[in-house]
Amino acid sequence: MSDPAHHAVTYAVGAEGVATITLNRPDAMNALDTPTKVLLRDTVRAAADDPDVRVVVLTGTGRAFCVGQDLKEHIGLLQANDQAALWSTVPDHFAPIALALAEMPKPVIAAVNGVAAGAGASMAFACDFRIVADTAGFNLAFTGIALSCDTGISWTLPRLIGHAKALELLYFPRTVPAAESLDLGLATSVVPAADLQTAAAELAAKLAAGPTVAYGAVRQSLGYSASHTLAEALVFEAGKMQLTGSTEDHHNAVASFVAKQKPTFTGR
């Protein structure tokens, strides 16, 4: 990217294999218009497929993490009665973003720098960890504008906080502040806003230094088990055990254990 400042989504990969995806429409509170959704979808997929990326961090610039669908664009499509553009965005953009975030074979961190509303909240919930600034919060805004929910939140949210509480927050949208988010289980941790980037970088570095193939296999196994029988989950586990058992990381870790040394992991 020649001039990241002019891109609605920026992408950077550090030497340690940490990829940072940043929503970069601060004047629009990182709302998702169609070009932004396309770029975000393609960027998340690129991070998922990049063998040099061991951990992904999703964050935003300015005072919002992401407020979801760009309502200015949405209103324009409603007024134009462009039904195809209005509703194709769910299968074409929002669903692939959710799938890529939730199913990629590597850990994903949401560094929630400000309010995460609607699909913005959904995307954060599709990640493994949510480090939340103490000034941030979540708003499950969908029914506030008489819409159902999308971007996987019907699947992720009840698994985080239970069916009953998920239903309540979706029926009666409000901004859930950081401290309450932590109590409910929406946030993994809450840190002072000034420390957010440091906290996210520390967790990302810890994950990147770990057995990332194993981490990816674990997250995919948990996702698979949520909608399959025990017998099916056992078969899936067996496949992932064979995958991770053939890695250099596993062989080196066993050798290190025997030698009573601390293993070094390369993600291979």
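The values are calculated or read from the model by the stated rules, or taken from the named source; none is laboratory data. Remember, predicted model here, so these are calculated numbers, not experimental data. As a convention, Cβ positions derive from the backbone with ideal geometry for all residues, glycine included, and neighbour counts pool all protein chains shown.
Can you find even one residue in the stretch 72-79 that is touching an Asp or Glu at 6+ places or on another chain (Cβ under 7 Å) and surrounded by fewer than 23 Cβ atoms within 10 Å (Cβ to Cβ)? Break it down stepwise before answering.
Restricting attention to the stretch 72-79, the residues satisfying the condition of being touching an Asp or Glu at 6+ places or on another chain (Cβ under 7 Å) are 73.
Next cut, surrounded by fewer than 23 Cβ atoms within 10 Å (Cβ to Cβ) only: 73.
Yes, there is a match, as at least one residue in the stretch 72-79 is touching an Asp or Glu at 6+ places or on another chain (Cβ under 7 Å) and surrounded by fewer than 23 Cβ atoms within 10 Å (Cβ to Cβ).
For the stretch 184-195, the count of residues that are over 23 Å from Leu140 (Cβ atoms), small (Gly, Ala, Ser) and modelled with pLDDT of 95 or more is nonzero.
Is it the case that the stretch 68-84 has a residue that's assigned to a loop (DSSP other than H, G, I, E, B), closer than 23 Å to Thr10 by Cα and in contact with a Leu (Cβ under 9 Å, 6 or more places away or on another chain)?
Let us first name the residues in the stretch 68-84 that are assigned to a loop (DSSP other than H, G, I, E, B), namely 68, 70, 80-82.
Remaining after also requiring closer than 23 Å to Thr10 by Cα: 68, 70.
Narrowing the set further to residues that are in contact with a Leu (Cβ under 9 Å, 6 or more places away or on another chain) leaves 68, 70.
Taking every residue of the stretch 68-84 in turn, at least one turns out to be assigned to a loop (DSSP other than H, G, I, E, B), closer than 23 Å to Thr10 by Cα and in contact with a Leu (Cβ under 9 Å, 6 or more places away or on another chain).
Examine the stretch 165-174 for a residue that is under 24 Å from Thr22 (Cβ atoms) and either in the same structural domain as Asn113 (by TED's automatic domain parsing) or outside any loop (DSSP other than H, G, I, E, B) (or both), and state whether such a residue exists. Steps first, answer last, please.
As a first pass, look at the stretch 165-174 and keep what is under 24 Å from Thr22 (Cβ atoms): none.
No: zero hits.
Scanning the stretch 235-264 for residues that are within 17 Å of Ala217 (Cβ to Cβ), without any contact (Cβ under 8 Å) to a residue 12 or more places away in the chain and among the β-branched types (Val, Ile, Thr) gives Val235, Val254.
Scanning the stretch 194-215 for residues that are in contact with a helix residue (DSSP H, G or I) (Cβ under 9 Å, 6 or more places away or on another chain) and part of a helix (DSSP H, G or I) yields Leu207, Thr212, Val213, Ala214, Tyr215.
Please verify whether the stretch 106-125 includes one or more residues that are exposed (fewer than 15 other Cβ atoms within 10 Å of the Cβ) and free of Cβ contacts under 8 Å to residues at least 60 places away in the same chain. Within the stretch 106-125, not a single residue is exposed (fewer than 15 other Cβ atoms within 10 Å of the Cβ) and free of Cβ contacts under 8 Å to residues at least 60 places away in the same chain. Residue by residue through the stretch 216-229, note down the ones that are under 18 Å from the mean Cα position of the chain (by Cα) and in a helix (DSSP H, G or I). Once the filter is applied, which keeps residues that are under 18 Å from the mean Cα position of the chain (by Cα) and in a helix (DSSP H, G or I), the stretch 216-229 yields Gly216, Ala217, Val218, Arg219, Gln220, Ser221, Leu222, Gly223, Tyr224. Could you grab me the full set of residues in the stretch 95-116 that are not aliphatic (A, V, I, L, M) and not in a loop (DSSP other than H, G, I, E, B)? Listed by number, the residues that qualify are Pro96, Glu103.
Can you tell me how many residues in the stretch 56-67 are in a loop (DSSP other than H, G, I, E, B) and surrounded by 20 or more Cβ atoms within 10 Å (Cβ to Cβ)?
Here is the first cut: in the stretch 56-67, the ones in a loop (DSSP other than H, G, I, E, B) are 61-63, 67.
When the remaining residues are screened for being surrounded by 20 or more Cβ atoms within 10 Å (Cβ to Cβ), the result is 67.
Of the residues in the stretch 56-67, 1 are in a loop (DSSP other than H, G, I, E, B) and surrounded by 20 or more Cβ atoms within 10 Å (Cβ to Cβ).
Only one of the numbered conditions (1) under 19 Å from Ala141 (Cα atoms); (2) out of contact with any helix residue (DSSP H, G or I) (no Cβ under 8 Å at 6 or more places or on another chain) is not met by Thr89, and that is (2).
Hey, could you check the stretch 230-268 for residues that are assigned to a loop (DSSP other than H, G, I, E, B) and among the charged types (D, E, K, R) and say which is surrounded by the most Cβ atoms within 10 Å (Cβ to Cβ)? It would help to see each step written out before you state the result.
Initial filter on the stretch 230-268 (assigned to a loop (DSSP other than H, G, I, E, B)): 246-247, 259-268.
Then drop every residue that is not among the charged types (D, E, K, R), which leaves 260, 262, 268.
Details: Lys260: 6, Lys262: 8, Arg268: 12.
Only one residue fits best here, namely Arg268.
For the criterion of being under 28 Å from Lys240 (Cβ atoms) and in contact (Cβ under 8 Å) with a residue 12 or more places away in the chain, Ala85 fails. Do you know which residues across the stretch 20-36 are at negative phi and touching a Phe, Trp or Tyr at 6+ places or on another chain (Cβ under 7 Å)? Matches in the stretch 20-36: Ile21 only. Being touching a helix residue (DSSP H, G or I) at 6+ places or on another chain (Cβ under 7 Å) and either surrounded by 12 or more Cβ atoms within 10 Å (Cβ to Cβ) or over 30 Å from Thr143 (Cβ atoms) (or both) is a property that does not hold for Pro177.
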